[in-house]
Amino acid sequence: MKKLRGLNEVVSEEEIAAFLSESYPDSDQEIEFESFLREYLNLQARVSAKEGGAGAGGGGGKTSFLKSSITTLLHNINQAEKSSYVAHINTYLRDDPFLKKYLPIDPAGNQLFDLIRDGVLLCKLINVAVPGTIDERAINKKRVLNPWQRNENHTLCLNSAKAIGCTVVNIGTQDLVEGRPHLVLGLISQIIKIQLLADLNLKKTPQLVELFDDSKDIDEVLSLSPEKMLLRWMNHHLKKAGYKKIVNNFSSDVKDGEAYAYLLKALAPEHSPETTLDTKDPEERAKLVLEQAEKLDCKRYLTPKDITEGSANLNLAFVAQIFQHRNGLTSDTKQVTLTQTATRDDVLLSREERAFRMWINSLGVESYVNNVFEDVRNGWVLLEVLDKVSPGSVNWKLATKPPIKLPFRKLENCNQVIKIGKQLKFSLVNLAGNDIVQGNKKLIVALLWQLMRFNILQLLNKLRFHSQGPQGKEITDADILNWANSKVKASGRTSRMESFKDKSLSNGLFFLELLSAVQPRVVNWKVVTKGETGLFSAHMHSVDHWTTLFPD
């Protein structure tokens, strides 16, 4: 409580302790976050009443408290982060053919929020974070866009951001059109974070295996989130440098700058004089740390004050930059089996993994999936997905939330997944809960495919219900096939698909003709090829939702 800005300026630490002791005599008791929020609101009300008694009419205290809290917490931090994000955008997009005439952006004004309004900048930033996410031909890039084109860009942006792992639950296209600062900055911070942490996995940086003991379960290593992997990497080097503490976060644990001084001492001793460790003033130490990091070519996106105030987003970005420029890990990767040449099956499974990962993340489940085949093995993510596609089907009292140390708890989760799958009439003849725990990729793919298919058919049946009422018959695969062929035929074209396994679909032309039949303006036929090289002309990004394909 005492660390909350706005609160510590109004009430003393002793007063806070006295208030909390009424509800929690044991100060070492661990409480849930909801309880913490409830106590905060109660404390806020008490402080407001206290100040109100001394103010005219008793109303000034609450206003004073809220003004202090909101202004200090949102305005100052957002200004610092905004400057960092603007610097990042200026660096990575300054050579972009379309945006270079608008860059560099001035961090002091509102130019960033004005530039966001047409959606191009965010789409480009997403492609910087995860290259190839958006086909740039699907972005409307005229100098002046009409409302429809602007909405298309923002819908494309939000769908793509969701697919790469951003949380966009409270953000709509209108928020981006209006350039609402706190929502825009929140989305940009997530995109940049994904970019900075992109290499924090064993596939991109196999040397990370060095951080773990030989006895460590490799499955748990693979399932670590990038942020936790970064903390693990940082603590690995801090321990070698003689730092006695464990860094558990990128805010309070690094705000004195001491951990950074030890980290740079371990990674770049040639740029780390002993005076940095001997410095007593945290702000002076933070200043020296940033000067040393600049010698490693780390961009200065934060100030000494951002370090000492414990800005979590900016500190995480700073550590991620140090990792990118000098990770201090061995270059010998022969011991790492993950670098072995992939077979054709591996390549196919990799494509399927990406498709399922993007679909799961787009559902808005609480857990973010980094690697489908690893992250589903404890059963929790699959239960979250089932709860999304079939609300109420999961008995959460029988489920165990990660981290899960006991193997049988993982099996219990996976067994419930299989049980629900059978209730939904999935074909699970050769699939058992233990197959998921063991990470049998082909069987996991079979389950995920049926889950996705169930989800899509469920959506289509909802649309059919709204258009035809309860008497409308249930949609089947054959209905979808017939609908697609009739749409293309009605548009005057001759392409036809015989089944969803039709090899002629591989050149993408049928899908383009179907898209054009639904909405002619979404396909630019000038850039469509015959598809003889196997490259798919991906205009499908122009279609906002699956529902767009089924207007009637």
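Here are the numbers:
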{"quantity": "Qualifying positions in region 403-415 - more than 16 Å from Q450 (Cβ to Cβ), part of a helix (DSSP H, G or I) and open to solvent by less than 80 Å² (accessible area, probe 1.4 Å)", "calculated": "K410, L411, E412, N413, N415"}
{"quantity": "Members of region 253-266 found to be open to solvent by less than 50 Å² (accessible area, probe 1.4 Å) and either closer than 16 Å to L230 by Cα or assigned to a helix (DSSP H, G or I) (or both), listed by number", "calculated": "D253, V254, A259, Y260, A261, Y262, L263, L264, A266"}
{"quantity": "Residue ID - farthest from L459 (Cα to Cα), chosen from residues in region 388-402 that are open to solvent by 60 Å² or more (accessible area, probe 1.4 Å) and not in a helix (DSSP H, G or I)", "calculated": "K401"}
{"quantity": "Criterion: open to solvent by 70 Å² or more (accessible area, probe 1.4 Å), over 24 Å from V372 (Cα atoms) and polar (S, T, N, Q) - qualifying residue of Q174, Q149", "calculated": "Q174"}
{"quantity": "Residue list for region 91-144, filter: of a type outside the set (S, T, N, Q), open to solvent by 40 Å² or more (accessible area, probe 1.4 Å), in a helix (DSSP H, G or I) and more than 28 Å from R354 (Cα to Cα)", "calculated": "D114"}
{"quantity": "Qualifying residue in region 305-314 (condition: among the small types (G, A, S), modelled with pLDDT under 85 and touching an Asp or Glu at 6+ places or on another chain (Cβ under 8 Å))", "calculated": "yes"}
{"quantity": "Boolean, K305 is under 15 Å from S84 (Cα atoms), basic (K, R) and part of a helix (DSSP H, G or I)", "calculated": "yes"}
{"quantity": "Subset of region 27-53 (residues that are acidic (D, E), at pLDDT below 80 and open to solvent by less than 100 Å² (accessible area, probe 1.4 Å))", "calculated": "E51"}
{"quantity": "Search result, residues across region 196-227 that are outside any loop (DSSP other than H, G, I, E, B), closer than 22 Å to K162 by Cβ and at pLDDT 80 or above", "calculated": "L196, P226, E227"}
{"quantity": "Hits in region 270-287 (condition: crowded, with 21+ Cβ neighbours inside 10 Å and either out of contact with any helix residue (DSSP H, G or I) (no Cβ under 8 Å at 6 or more places or on another chain) or not basic (K, R) (or both))", "calculated": "S272, T276, A286"}
{"quantity": "Residue match in region 271-278 (condition: more than 16 Å from P304 (Cα to Cα), at pLDDT below 85, part of a loop (DSSP other than H, G, I, E, B) and not hydroxyl-bearing (S, T, Y))", "calculated": "yes"}
{"quantity": "Residues (over 25 Å from N371 (Cβ atoms) and open to solvent by 10 Å² or more (accessible area, probe 1.4 Å)) located in region 229-247", "calculated": "K239, K240, A241, G242, Y243, K244, K245, I246"}
{"quantity": "Test for V347: is it surrounded by fewer than 18 Cβ atoms within 10 Å (Cβ to Cβ), modelled with pLDDT under 85 and within 19 Å of G439 (Cβ to Cβ)", "calculated": "yes"}
{"quantity": "Hits in region 488-507 - residues which are within 20 Å of A478 (Cα to Cα), in contact (Cβ under 8 Å) with a residue 24 or more places away in the chain and not polar (S, T, N, Q)", "calculated": "V488, A490"}
{"quantity": "Failed item, numbered, when T400 is tested on (1) in contact (Cβ under 8 Å) with a residue 40 or more places away in the chain; (2) in contact with a Lys or Arg (Cβ under 7 Å, 6 or more places away or on another chain)", "calculated": "(1)"}
{"quantity": "N78 being open to solvent by less than 50 Å² (accessible area, probe 1.4 Å), modelled with pLDDT under 90 and in contact with a Leu (Cβ under 9 Å, 6 or more places away or on another chain)", "calculated": "yes"}
{"quantity": "Test for R300: is it open to solvent by 50 Å² or more (accessible area, probe 1.4 Å) and either in a helix (DSSP H, G or I) or in contact with a strand residue (DSSP E or B) (Cβ under 9 Å, 6 or more places away or on another chain) (or both)", "calculated": "no"}
{"quantity": "F250, sole failed condition from (1) within 21 Å of A80 (Cβ to Cβ); (2) surrounded by fewer than 18 Cβ atoms within 10 Å (Cβ to Cβ)", "calculated": "(2)"}
{"quantity": "Failed item, numbered, when L386 is tested on (1) touching a helix residue (DSSP H, G or I) at 6+ places or on another chain (Cβ under 9 Å); (2) at pLDDT below 85; (3) closer than 27 Å to T133 by Cβ; (4) not β-branched (V, I, T)", "calculated": "(2)"}
{"quantity": "1 or more residues open to solvent by 20 Å² or more (accessible area, probe 1.4 Å), among the charged types (D, E, K, R) and within 24 Å of A138 (Cβ to Cβ): qualifying helices (runs of 4 or more DSSP H) within region 416-534", "calculated": "477-490, 509-518"}
{"quantity": "Condition check for K193: modelled with pLDDT of 85 or more, in a helix (DSSP H, G or I) and either open to solvent by less than 10 Å² (accessible area, probe 1.4 Å) or charged (D, E, K, R) (or both)", "calculated": "yes"}
{"quantity": "Qualifying residue in region 352-363 (condition: open to solvent by less than 60 Å² (accessible area, probe 1.4 Å), at pLDDT 80 or above and assigned to a loop (DSSP other than H, G, I, E, B))", "calculated": "yes"}
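The values are calculated or read from the model by the stated rules, or taken from the named source; none is laboratory data. Every value quoted in this text rests on a predicted model; they were computed, and no experiment measured them. So basically every Cβ, Gly included, is an ideal-geometry build from the backbone, and we count neighbours across all protein chains shown. The accessibility values were calculated without ligands, DNA or RNA, using every heavy atom of the protein model including side chains. Shrake-Rupley method; radii C 1.70, N 1.55, O 1.52, S 1.80 Å.
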